[in-house]
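Asker: I'd like to ask you about the structure that follows.
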Amino acid sequence: MADQANPFESLQTQIEAAAAYTDVSSDIIERLKHPERVLETNLSIELDDGTVGVFKAFRSQYNGDRGPYKGGIRYHPGVTRDEVKALSGWMAAKCAIVDIPYGGGKGGIEIDPGEHSESELERLTRAFATELRPLIGEDRDIPAPDVNTGQREMNWIKDTYETLEQTTAPGVITGKAIDSGGSEGRVEATGRSTMLAAREAFEWLGRDLADATVAVQGYGNAGATAARLIDEAGGTIVAASDSTGGIYDPAGFDAASAAEHKAETGTVVGYNDSEEITNEELLTLDVDLLVPAALENAINRSLAADVEADLIAEAANGPITPAADSVLTEKDVYVVPDILTNAGGVTVSYFEWVQNRQRFSWTEARVNDELERVITTAFDDLIEAFDATETPNLRTAAYVVAIERIVSAYDQGGNWP
Ligand code: NAD
């Protein structure tokens, strides 16, 4: 991954680019270019060998005009204050474009979880939950999983919060296991919205996802699920990669069994008769659809010049740098932006929260139907704005919709104190 664009600067560039297509005044746009608050804390826990480990952690609460802050918690050595701020801003825009009643938030701990035991990770997660306790709550800020966190961490955070508060509050966090108050359909929601967004985009272009060849960069939760659902919808998965390398088979392969191979061996490499390729080769394959589903800055300006896909559906957050975005726009490569493509995760998190508040569980079919309605409506809203504003690309149009919705709520509430 080259071109290490600062993700927070990327976010601010994206907001500025869209602002030019709105009637929102520059002072209000300036307000939208910064989070409302950021917690920075140093978590100290006892390690298994008896020594004390110190880990930097952040929680950014970006904008609360439309509802409680909402966003995941990431465990990764590359976590920084600016990355968390950017991710929280993207969450605010994401919740607005899919029109769910949340502001944006995001958290992270600078750690390589692979180097720690389960008991160390539990102590660390509970230490973070204790720091977060005054900030989070069912009506305040609702964290969720992100890279390298999942149901296990969410269950620990819920348990810590409920124990300290002496209550039950399953809606304080989403992405929980079903028996702890999780929702059907949550695990595969991000991959599902990626498939839906790609399907809608192909339809808009007068084409069919079922005829598409597809390359997926990052074969984790979002990427592998998107690949499986696209495969089930008739698309042909020809390439996949993870942090260890990539595979290519022009005839296409079974996405689910490639995921099983990765689960068994820890890598997609070596799956069946596939050819081994690098991540860079994967990103520049001549395919109909490219799905970046790993981390930020996967496609920089020089790599964008070599991209041959017709359509990109951003399952990851911020995989294309602003400079690369301009190159892709010039080349007429359509990009369905992350804030819509991967919004399935937060949308089903919202459904989980609604179910927790109602103490009533929905069936998986209901969750999937409601998710499809939300994503297809958001895509229609995006195209309506794209046509009406004549923005250069779909990302800018998505930010126009998001900014207008956030600013409308801000205007209605007014500025106080
Ligand atoms: P994950 O940890 O399950 O998977 C990430 C995958 O990317 C892994 O297979 C990893 O090996 C691979 N990877 C890491 N570095 C890579 C590299 N340099 N090249 C190729 N592959 C690489 O994480 P996830 O939950 O699937 O999240 C992936 C992206 O999707 C992130 O940007 C995340 O913010 C975004 N996202 C996830 C969700 C969700 O609900 N899981 C929701 C919204 C957005």
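The values are calculated or read from the model by the stated rules, or taken from the named source; none is laboratory data. These numbers were taken from a predicted model, which means no experiment stands behind them. Cβ placement follows ideal geometry from the backbone for every residue including glycine, while neighbour counts extend to all protein chains displayed. Protein only, heavy atoms only, side chains kept; ligands, DNA and RNA dropped before computing areas. Shrake-Rupley method; radii C 1.70, N 1.55, O 1.52, S 1.80 Å.
Asker: Just one of the numbered conditions (1) within 16 Å of the ligand (Cβ to nearest atom); (2) within 23 Å of Gly413 (Cβ to Cβ); (3) part of a loop (DSSP other than H, G, I, E, B) is not true of Arg66; which one?
Answerer: (1)
Asker: On to the next question. Within segment 176-191, does at least one residue satisfy the condition of being closer than 17 Å to Glu314 by Cβ, small (Gly, Ala, Ser) and open to solvent by less than 20 Å² (accessible area, probe 1.4 Å)?
Answerer: Step one: list which residues in segment 176-191 are closer than 17 Å to Glu314 by Cβ, which gives 189-191.
Filter once more, so that each one left must be small (Gly, Ala, Ser): 189, 191.
Among the residues that remain, those that are also open to solvent by less than 20 Å² (accessible area, probe 1.4 Å) are: 189, 191.
Yes, that holds for at least one residue.
Asker: Related question: Got at least one residue in segment 335-343 being touching a His at 6+ places or on another chain (Cβ under 9 Å), of a type in the set (A, V, I, L, M, F, W, C) and within 16 Å of the ligand (Cβ to nearest atom)? Before you say what the answer is, go through the steps one by one.
Answerer: Initially, segment 335-343 is screened for residues touching a His at 6+ places or on another chain (Cβ under 9 Å), giving none.
No - not one qualifying residue is present in segment 335-343.
Asker: Going by the structure shown, is Val374 under 26 Å from Ala316 (Cβ atoms), in contact with a Cys (Cβ under 8 Å, 6 or more places away or on another chain), buried (at least 18 other Cβ atoms within 10 Å of the Cβ) and not aromatic (Phe, Trp, Tyr)? Give the steps one after another, and end with the answer.
Answerer: Working: under 26 Å from Ala316 (Cβ atoms): yes; in contact with a Cys (Cβ under 8 Å, 6 or more places away or on another chain): no; buried (at least 18 other Cβ atoms within 10 Å of the Cβ): yes; not aromatic (Phe, Trp, Tyr): yes.
No.
Asker: Something else: Which pairs do you get when a residue that is closer than 15 Å to Gly318 by Cβ and among the small types (Gly, Ala, Ser), found in segment 285-300, comes within reach of a residue that is part of a loop (DSSP other than H, G, I, E, B) and modelled with pLDDT under 95, reach meaning Cβ atoms under 6 angstrom, with the pair 6+ apart or on two chains?
Answerer: Pairs that qualify, where the first residue is closer than 15 Å to Gly318 by Cβ and among the small types (Gly, Ala, Ser) and the partner is part of a loop (DSSP other than H, G, I, E, B) and modelled with pLDDT under 95, are Ala298/Met1.
Asker: Show me the strands (runs of 3 or more DSSP E) entirely contained within segment 286-351 in which 2 or more residues are open to solvent by less than 10 Å² (accessible area, probe 1.4 Å) and either more than 19 Å from Trp204 (Cα to Cα) or touching a helix residue (DSSP H, G or I) at 6+ places or on another chain (Cβ under 7 Å) (or both).
Answerer: Values: elements: 289-292, 311-313, 334-336.
It comes to 289-292, 311-313.
Asker: Also, I was wondering about something else. Quick one: in segment 139-172, which of the residues that are out of contact with any Gly (no Cβ under 9 Å at 6 or more places or on another chain) and within 16 Å of the ligand (Cβ to nearest atom) is most open to solvent (accessible area, probe 1.4 Å)?
Answerer: Among them, the one singled out is Arg152.
Asker: Tell me which residues, restricted to segment 1-59, are charged (D, E, K, R) and either in contact with a strand residue (DSSP E or B) (Cβ under 6 Å, 6 or more places away or on another chain) or assigned to a strand (DSSP E or B) (or both). Spell out how you get there, then give the answer.
Answerer: Step one: filter segment 1-59 for residues charged (D, E, K, R), giving 3, 9, 16, 23, 27, 30-31, 33, 36-37, 40, 46, 48-49, 56, 59.
Listed by number, the residues that qualify are Glu36, Arg37, Glu40, Glu46, Lys56, Arg59.
Asker: While we're on this one: Ala263 passes all but one of (1) within 16 Å of the ligand (Cβ to nearest atom); (2) of a type in the set (A, V, I, L, M, F, W, C); (3) outside any helix (DSSP H, G or I); which number fails?
Answerer: (3)
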